[in-house]
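Since the structure comes first, as structure tokens, the remarks are kept for the end.
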Amino acid sequence: RELLVAYLNTGTTSAPTWSPIGKRVEDSSIEMDWSTETKVDIFGDTYTTGKKATKTQSFDPCELDSSDLAQQKIWNMAIKDNDVNQLLNQDMLIAHFYVGADNANFAERYTSCAVLPTGLGGEGGGSVGMPIEVTYGGTRTTGTVSKGANGTVTFTESTAAE
């Protein structure tokens, strides 16, 4: 899964810090709902219509980790502050490290994502888990992503000429 990574902006809009979500999750994928509808006309021909996909991604189990900046931000918004408006307007980046050249891989940035914990707790004697559900939304900007030697992720927006 290291080739498809979701990042939460834990910095600011103008100076983003991209922190991975679900770094301790073993399996996660982006689900796409195209809202398709299939009809058969009076001649027996089949037609399908659809809409732009709603993209969602679940991170479960997602154990709390004090060094995880994304989890710290989500926990503060959801548990400490109980601020649903903040949770529904998060800046996210999807890095497709399997497409493109080294340090110029395809990426998508979404400006208004819902990042919602779906629970909190766990088994006695174990870790505290906070499963997270992300719905990607808002303005979609494409570009490239690079990862520095220290793990710092940088997103570069594509220009109109590209």
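The values are calculated or read from the model by the stated rules, or taken from the named source; none is laboratory data. Predicted, not measured: the structure shown is a model, and the values here were computed from it. Using ideal geometry, Cβ is built from the backbone for each residue, glycine included, and neighbour counts are taken over all protein chains shown. Just so you know, the surface numbers come from the protein's heavy atoms only, side chains and all, with ligands and any DNA or RNA stripped out. Shrake-Rupley method; radii C 1.70, N 1.55, O 1.52, S 1.80 Å.
See the values below:
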{"read-out": "Close pairs (8 angstrom Cβ cut-off, 6 or more residues apart or separate chains): closer than 14 Å to Glu157 by Cβ in region 96-110, of a type in the set (Asp, Glu) and in a strand (DSSP E or B) anywhere", "value": "Arg109/Asp91; Arg109/Glu157; Tyr110/Asp91"}
{"read-out": "Count of residues meeting criterion [under 12 Å from Pro61 (Cα atoms), part of a strand (DSSP E or B) and under 16 Å from the mean Cα position of the chain (by Cα)] in region 102-132", "value": "2"}
{"read-out": "Residue that is farthest from the chain's Cα centre (by Cα), among those in region 133-162 that are more than 18 Å from Thr111 (Cα to Cα) and assigned to a loop (DSSP other than H, G, I, E, B)", "value": "Ala161"}
{"read-out": "Candidate set: region 13-32, residues that are of a type in the set (Gly, Ala, Ser) and over 14 Å from Ile132 (Cα atoms); chosen: the one nearest to the chain's Cα centre (by Cα)", "value": "Ser19"}
{"read-out": "Qualifying residue in region 8-23 (condition: at pLDDT below 90, touching a helix residue (DSSP H, G or I) at 6+ places or on another chain (Cβ under 9 Å) and farther than 17 Å from Gly137 by Cα)", "value": "yes"}
{"read-out": "Top-ranked residue of region 13-46 - restricted to ones that are free of Cβ contacts under 8 Å to residues at least 12 places away in the same chain and within 22 Å of Phe106 (Cα to Cα), ranked as least open to solvent (accessible area, probe 1.4 Å)", "value": "Ala15"}
